[in-house]
1. Cα atoms only: what Rg and Dmax, in Å, come out for the range 128-167?
2. Between Leu165 and Lys230, what FRET efficiency follows from the Cβ-Cβ distance if R0 is 25 Å, with the result rounded to 0.05?
3. So how much slack lies between Lys206 and Asp25, counting 0.36 nm per residue of separation and subtracting their Cα-Cα distance, in nm?
4. Within 10 Å of each residue's Cβ, count the other Cβ atoms and sort His116, His121, His132, His61 from fewest upward.
5. If I model a spin label as a point 7 Å beyond the Cα along the Cα-Cβ vector, how far apart are those points for Cys76 and Asn149 in nm?
6. Show me the ranking of peptides 210-222, 137-149 by mean Cβ neighbours inside 10 Å, starting with the highest.
7. Which of the lysines could be linked to Lys144 by a straight reach, that is with a Cα gap under 19 Å, when you skip same-chain ones fewer than 8 residues away?
8. Can you compute the label reach from Ile84? Point 7 Å from Cα along the Cβ direction, backbone N cut-off under 12 Å, restricted to the range 38-54.
Amino acid sequence: MRGIIIASFLILQSLVVFSSSSPPDFNFFYWVTYWPGAICDSQKGCCPPPKGNMASDFMIHGLWPQFNNGTWPAFCDQTNLFDISKVSDLVSKMEKKWTEWGVWACPSNETKLWEHEWDKHGTCVQSVFDQHSYFLTNLRFRQKLNLLNILKQKGIKPDGGLYGLDEIKNAIKCAIGFAPGIECNEDVKGTKQLFQIYICLDNYAKEFVECPYVPDRSCASKIKFPKFPKKDSLGESLSVISSV
Ligand code: U2P
């Protein structure tokens, strides 16, 4: 009996080692950040994050595994869903740099975006990350890559002005060696504006890489860089939402 227990333990252990050391079965990552100003001045409007201690900066959206053919895996494991107790030491940083501006739900809910990103994308990258290292890696990239400063150094500022799409891509290419993907949305007047930036990383999320493809996300050759939402303009945004 003792022999059977020991043998089962050894088999189980080798399975665990095998699964945690198997190579990633996707090709690369998008690390995606969004500009809250582009949510707040869009038709949908926005809600401020509940705690109000967020940075006036790009916000993390998430780290998404991708296949080279333009598809991606999603919701891979129902048995390891988001558990905030696994990232409790990271929450205060996540409140500042990874907040929901209520594009999907109003009032915005602090943990909903984190839960969604882990359940949808994180559960598909468990050959590389556990919950804690998934969130930590996102925060580390946010720390390492200050996109707002990179753009400001090239004179590209969130002042509501129009900037060349290539000018924006080149500023980031100059800093990291590879061009990003840019996703635009529209303000209430229909002007195309900077919404999300897609940075490509290798499938261990260690290095920046050339994007195998970048999403074609409906920008114009010149796009607006909206201002960061002011506290008093958020009230207007909320009233737009509640009247819809
Ligand atoms: O486009 C809708 C959502 O699908 C996910 N997505 C999109 C493009 C892509 O190349 N890879 C990818 O994962 C994103 O999921 P979210 O986390 O926002 O639900 C994207 O917003």
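1. Cα only, the range 128-167: 14.7, 41 Å (Rg, Dmax).
2. 0.45
3. 63.6 nm
4. His132, His116, His61, His121
5. 3.3 nm
6. Highest mean packing first, the order is 137-149, 210-222.
7. List returned: Lys93, Lys96, Lys97, Lys152, Lys154, Lys169, Lys173, Lys206.
8. 50-51
Just so you know, all these numbers are worked out from the coordinates, no wet-lab data involved. Keep in mind that what you see is a predicted model, and the values were worked out from it rather than measured. All Cβ positions, even for glycine, are placed from backbone atoms using ideal geometry, and neighbour counts span all protein chains on display.
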